[in-house]
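Readers should treat all values here as calculations from the given coordinates under stated rules, not as data from a laboratory. Everything quoted here is computed from the prediction, not taken from an experiment. Because the Cβ atoms are built from the backbone with ideal geometry, glycine has one as well, and the counts that use them run over all protein chains shown.
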Amino acid sequence: MVHDRLAHIRDWPEHGVANALLVEGLATRVTAELDPRRPDDEYLWMGATHRRWLADCRRRWPEILDRIAADVDATDLDRYAAWFLMRDSAHRGDLPRRCGYLVGLEVVRLLGERHPLHEIASWDLDRGLDEVRRGLHALRAAA
């Protein structure tokens, strides 16, 4: 909601993968800052424990990053669904469902090393897309 007000994300594509990475990553990061005692899976699954899911995501991390980087500019529902929804998706294949949320969190964590969260929340579409692409590139290089 804060990002919506600061950056006018209503102008962003509804099913944009980059948009979801930034907005969902920002929301999860803020939650983690407010309650830093919990493991990532609890932030990403709204309090529920999904440690096997998180371990599977971490085990397949390089593949997840390569594939989501190829979809970062996508704005269609099928590509978005592969990363952020629970439904079956031929595009997602056997990757963990909703793994885009973890990618978004890690992108925002990385961006947060250089930018305060309130600044990230104010980025417009062009700046947000550029920063998400840079963040994904850095995560892939480190994987």
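Among 128-140, 53-65, how do they line up from the highest to the lowest mean number of other beta-carbon atoms within 10 Å?
Details: 128-140: 18.8, 53-65: 16.4.
Packing proxy ranking, top to bottom: 128-140, 53-65.
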Please identify, among Ala32, Ala121, Ala90, the residue showing maximal mean-square fluctuation in a Gaussian network model of the chain using a 10 angstrom Cα cutoff. Ala90
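What is the chain by shape, rounded, prolate or oblate, if you read a ≥ b ≥ c off the alpha carbon gyration tensor as root eigenvalues and call it rounded for a/c under 1.5, prolate for a/b larger than b/c, and oblate otherwise?
Values: a/c = 1.44, a/b = 1.14, b/c = 1.26.
It is rounded, given that a/c, with a ≥ b ≥ c, falls under 1.5.
What FRET efficiency would be calculated for the residue pair Arg59, Asp130, taking the C-beta separation as r and a Förster radius of 30 Å, to the nearest 0.05?
Numbers: r = 30 Å, r/R0 = 0.99.
Computed FRET efficiency for Arg59 and Asp130: 0.50.
Sort 74-82, 96-104, 36-44 by packing, meaning the average of other beta carbons within 10 Å per residue, with the highest value first. Could the numbers behind the result be given before it?
Values: 74-82: 17.9, 96-104: 23.4, 36-44: 15.2.
Ranking, from highest mean packing down: 96-104, 74-82, 36-44.
Relative contact order of the chain: what whole-number percent is it, with Cα pairs under 8 angstrom and at least 6 residues apart?
Numbers: 172 pairs, mean separation 53.6, N = 143.
After rounding, I find 38 percent.
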Taking the Cα centre of each part, how many Å lie between region 82-143 and region 26-78? 9 Å
